[in-house]
Amino acid sequence: MNKPKVSIIVPIYGVERYIERCAVSLFEQTYSNIEYMFVNDATQDKSIEILQNVIARYPTRQKNVQILTHQQNKGLSAARNTGLDSCSGDFVWHVDSDDYIAIDAVKQLVETIEQHNADIVIFDVNVVTVNRIYIERVGYANKMDYIRRLLQHIEKCAHWNKFYNADFVRQTGIRSDERIRLAEDYAVTPRLVHQAKKIAVLHEPLYFYETTNQASYVHNLTRASIESQYLADKILIEYFTSVPDADKYADVVSALPQRSMVSLIKNADRSSWPDILDVYSSYLSQSASQGMTLVNRTIFKLATGKHYHFLQGFLNFYHLVMRVRS
C-alpha cells in the first residue's frame, strides 16, 4: 500500500542564514512520500541559491521539490496560499524557513493523524533561544478551551505546530487573507480549529522554533504590520460572533483587540507604541481589560495612559523574568 503524501509548504524571504538548516531537516526525514513546496516571496538575498545547492545534495528528493516564485514580495499570507494552491498531498504542513524539524517528525505526524482519523494534529515545539532550547507544551483540554486560549494569546496560533488533513482545509474554504502581512496564522488557525470535527494532540516536540532571526516578519513591526494584526482581530471577531456557539467565546472576543494590543506592545520597540495605540484607539475600552492577567492589565493601563517611562521599566522587568523562567 502506498503511503499518504505529505505536502510541506515553506515560504522563503530573507533567510540565507537559516535555509540550509531548514532544508536539510526536511530532506533528511525518515518518511519518504513528501512533496516540498518552497515559495520564493521575491527574496533579495542568497536564500534560493543556497536552497538549490542543498537540493542538489539529495537526488532522491529532487523530483518532489518545487520552487514557486513571486515576482514581487507579497507576504506570508500570499506565500502560504500559493503553496496550498499548488500542493497535491493528503496532508499539509506549513514550515517556516528559519525553523527546522525533528528527523522523524513527518512519520510521527502521519501515524498520529491516521490513528485518530483527525482533521488536525497539534503538537509540542522546541523553542530555540540564544542560550538554550526548551520545550513548550501544548495546553489542550478540549476544543472550546483551546480556542479560547488561542484567542487569548496563551497558545500559539502558528501554523507550524499544526498538521492538517488537506481535504479538511480545502472543504472549510478558510484561506490566509492576503491583506494581512503579520498575524496571518492568528486569523486562520482559530477558525480551522473551530471547524475541525476531530483533533489529536501529540506531546512530542517535533518542531524547532527559531526566535533569534531579526530579519523575520515578526521582528519588523511597521504601521502596516500593526494594521494587519488589527484586521486579523476584526476577522476573528466577525467569525466568532456569528457562529452557532458564539456564547462560548463572547467574553474572550470582547477583549480580543485589547489582548492583541498588549501582545504587540510586549514585543515591539518603544518607537512603535504610538502607532499601536493609534490603530487600536477605537477598541481601547478599560472595562474590557478586566479579563486579562494582572501583568497584561498593567501593560494595558500603562500604555493607554501613555506612561511610557513606567511601561518601559515594567516591560524590562517582565522580559527579564521570562528569560529566567525559560
Leaving out ligands and nucleic acids, and using a 1.4 Å probe, what accessible area per residue does segment 88-213 come to in Å²?
40 Å²
In the structure displayed, which of K266/K301; K74/K107; K266/K306 lie more than 20 Å apart, Cα to Cα?
K74/K107
Out of residues 5 or more away from V127 or on other chains, whose amide H comes under 5 Å of its own, with H placed 1.01 Å from N in the peptide plane?
Y134, I135, E136, Y209
Counting DSSP beta bridges with both ends in segment 102-250, the antiparallel % (nearest 5)
45 percent
Rounded to 5, the percent of DSSP beta bridges in the chain classed as antiparallel:
30 percent
Spelling out what I want: for every residue of segment 254-262, take phi, set θ = phi - 60°, compute 6.51 cos²θ - 1.76 cosθ + 1.60 (Karplus), and round to whole Hz; glycine and proline get x.
4, 9, 4, x, 5, 5, 5, 4, 5
Rg from C-alpha atoms of the chain, normalised by the globular rule of thumb 2.2 N^0.38 Å, equals 1.00
Would you mind checking which residues have amide H under 5 Å from V201's amide H? H placed 1.01 Å from N; only 5 or more apart, or other chain.
I122
Please give the peptides 199-206, 134-141, 160-167 ranked by average Cβ packing (other Cβ atoms within 10 Å per residue), highest first, as a rough proxy for protection.
160-167, 199-206, 134-141
Output wanted: per-residue J couplings in Hz (rounded whole) for segment 270-282, from phi through Karplus 6.51 cos²θ - 1.76 cosθ + 1.60, θ = phi - 60°, x for Gly and Pro.
4, 4, 8, 4, x, 5, 4, 5, 5, 5, 8, 4, 6
Residue by residue through segment 38-44, which ³J(HN,Hα) values in whole Hz follow from phi under the Karplus form 6.51 cos²θ - 1.76 cosθ + 1.60 (θ = phi - 60°), with glycine and proline marked x?
8, 10, 7, 8, 6, 5, 9
Looking at the square roots a ≥ b ≥ c of the eigenvalues of the Cα gyration tensor of segment 1-85, which shape do they give, rounded for a/c under 1.5, prolate if a/b is larger than b/c, or oblate?
oblate
Return the carbon/sulfur percentage of the accessible area of segment 13-161, one whole number, probe 1.4 Å, all protein chains in place.
44 percent
Go ahead and run the numbers for FRET between K197 and I135, Cβ-Cβ distance against an R0 of 30 Å, rounding to 0.05.
0.55
If one builds a Gaussian network model of the chain from Cα atoms under 10 Å apart, the most fluctuating residue listed among V95, V106, V65 is V65
Amide H within-cut-off set for I34, under 5 Å, with H built and near neighbours excluded
V6
Would you please classify the overall shape of segment 57-182 from the alpha carbon gyration tensor, given that a ≥ b ≥ c denote the square roots of the eigenvalues, rounded means a/c under 1.5, and beyond that prolate means a/b larger than b/c while oblate covers the rest?
rounded
With every atom except the alpha carbons ignored, what do you get for Rg and Dmax of segment 146-211, in angstroms?
12.2, 34
May I ask you to list the lysines whose Cα is less than 22 Å away from that of K143, ignoring any residue fewer than eight positions away on the same chain?
K156, K162, K197, K198, K234, K248
Could you do me a favour and compute the accessible area per residue for segment 1-81, 1.4 Å probe, result in Å²?
47 Å²
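The values are calculated or read from the model by the stated rules, or taken from the named source; none is laboratory data. Bear in mind that the values here come from a model prediction, so they are computed numbers and not experimental data. With ideal geometry, Cβ positions are generated from the backbone for all residues, glycine too; neighbour counts draw on all protein chains shown. Surface areas here come from the heavy atoms of the whole protein model, side chains and all, with no ligands, DNA or RNA. Shrake-Rupley method; radii C 1.70, N 1.55, O 1.52, S 1.80 Å.
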